[in-house]
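K.L.:
Below is a structure I'd like to ask you about.
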Amino acid sequence: MIYFIGGGPGDPELLTIKAKRIIDSADIIIYAGSLVNPAVLVSCRDDAEIYDSAGMNLDEVMEVMLAGDSDGKTVARVHTGDPSIYGAIREQIDILEKQDIPYEVIPGVSSFVAAAAALGREYTLPAVSQTVILTRRAGRTPVPDGEDIISLAAHQATMVIFLSVGQIEALADELVAGGYDPTTPVAVVSRATWPDQKIIVSQLDAIAEKVKEAGITRQALVTVGHFLGDEFELSKLYDRYFTHGYRRGEQR
């Protein structure tokens, strides 16, 4: 059996119970060593075959996976965060499906939720933002029409931007060009939940300089929006006067 496993944002204790069980018992482990914390593998079997996919191409990864499946072995393909977000699993899954090879995807804790936890903030504050946009700046991998930073910034929603901190100056300029005020709060979270985690909080017109001073060039998320501020409305969920399916609100 082949498993695509979310390896979480960094802290090995954030692996799901199921993910840890499969990793610990797998015959073959292929993990993205450039991003996945090796600590998630510390309890794997002594005789497990371990491959670092950072230096492998798709054909090489699939060769290992298919050979393992053919031999009746359990294969754990470990991706960083949650494999459904910038995990490049679809191209692997398509090959398996064409050969009628069973697989299972085990979700993981994405770095975007780990970043919110590190900040102690909620992305969806009442009267501030009820929408979260997960995206990236166009680079060597282009983005479809209408998904460029300027277009998405026009929504004024909470934005979480992956794979773009190395272009922080251009990114900040595009966010402002799209409609965010230059004083909009922004937080950069580098290596969320790792021991060397860094957090830079500023505003759009100053964030580039601070990120460069901190030496952050990769493995960081850029979060943008007034969810980082202190003004918002209380939720209806726990409002004493609000009625919902599990509680009747009090009369005013």
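The values are calculated or read from the model by the stated rules, or taken from the named source; none is laboratory data. Everything numeric in this text was worked out from a predicted model, so none of it was measured. Methodologically, a virtual Cβ is constructed for each residue, glycine included, from the backbone with ideal geometry; neighbour enumeration extends over all protein chains shown.
K.L.:
Could you check, for region 103-120, whether at least one of its residues is of a type outside the set (Val, Ile, Thr) and farther than 30 Å from Gln156 by Cα?
P.N.:
The answer is yes; a qualifying residue exists.
K.L.:
Could you list all residues from region 119-173 that are in contact with a Phe, Trp or Tyr (Cβ under 9 Å, 6 or more places away or on another chain), among the hydroxyl-bearing types (Ser, Thr, Tyr) and touching a residue at least 40 places away in the same chain (Cβ under 8 Å)?
P.N.:
Residues satisfying the conditions are Tyr123, Thr124, Ser129, Thr158.
For every residue, the table says whether it meets (1) in contact (Cβ under 8 Å) with a residue 24 or more places away in the chain; (2) among the hydroxyl-bearing types (Ser, Thr, Tyr); (3) loosely packed, with under 12 Cβ neighbours inside 10 Å; (4) under 25 Å from Gln130 (Cβ atoms).
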residue: Lys198; (1), (2), (3), (4): no, no, no, no
residue: Leu204; (1), (2), (3), (4): yes, no, no, yes
residue: Asp230; (1), (2), (3), (4): no, no, yes, yes
residue: Leu237; (1), (2), (3), (4): no, no, yes, yes
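K.L.:
Hey, can you tell me all the residues within region 8-35 that are in a helix (DSSP H, G or I), among the hydrophobic types (A, V, I, L, M, F, W, C) and in contact with a Ser or Thr (Cβ under 8 Å, 6 or more places away or on another chain)?
P.N.:
Correct list: Leu14, Ile22, Ile23.
K.L.:
While we're on this one: State whether the residues of region 66-78 include one that is part of a loop (DSSP other than H, G, I, E, B) and either within 19 Å of the chain's Cα centre (by Cα) or touching a residue at least 60 places away in the same chain (Cβ under 8 Å) (or both).
P.N.:
Within region 66-78, one or more residues are part of a loop (DSSP other than H, G, I, E, B) and either within 19 Å of the chain's Cα centre (by Cα) or touching a residue at least 60 places away in the same chain (Cβ under 8 Å) (or both).
K.L.:
Still on this model: Assigned to a loop (DSSP other than H, G, I, E, B), surrounded by 15 or more Cβ atoms within 10 Å (Cβ to Cβ), in contact with a strand residue (DSSP E or B) (Cβ under 6 Å, 6 or more places away or on another chain) and at pLDDT 95 or above: is that true of Ile216 in this structure?
P.N.:
yes
K.L.:
Kindly indicate whether Ala187 is more than 28 Å from Leu15 (Cβ to Cβ) and either modelled with pLDDT of 95 or more or small (Gly, Ala, Ser) (or both).
P.N.:
no
Every residue, every condition in (1) of a type in the set (Gly, Ala, Ser); (2) under 18 Å from the mean Cα position of the chain (by Cα); (3) part of a loop (DSSP other than H, G, I, E, B), yes or no:
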residue	(1), (2), (3)
Val176	no, no, no
Val186	no, yes, no
Trp194	no, yes, yes
Glu231	no, no, yes
Tyr238	no, no, yes
Glu250	no, no, yes
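K.L.:
So, in region 51-69, exactly how many residues are surrounded by 14 or more Cβ atoms within 10 Å (Cβ to Cβ) and not charged (D, E, K, R)?
P.N.:
9
K.L.:
Hey, can you tell me all the residues within region 85-98 that are without any contact (Cβ under 8 Å) to a residue 40 or more places away in the chain and either farther than 15 Å from Asp59 by Cα or not in a loop (DSSP other than H, G, I, E, B) (or both)?
P.N.:
Arg90, Glu91, Asp94, Ile95, Glu97, Lys98
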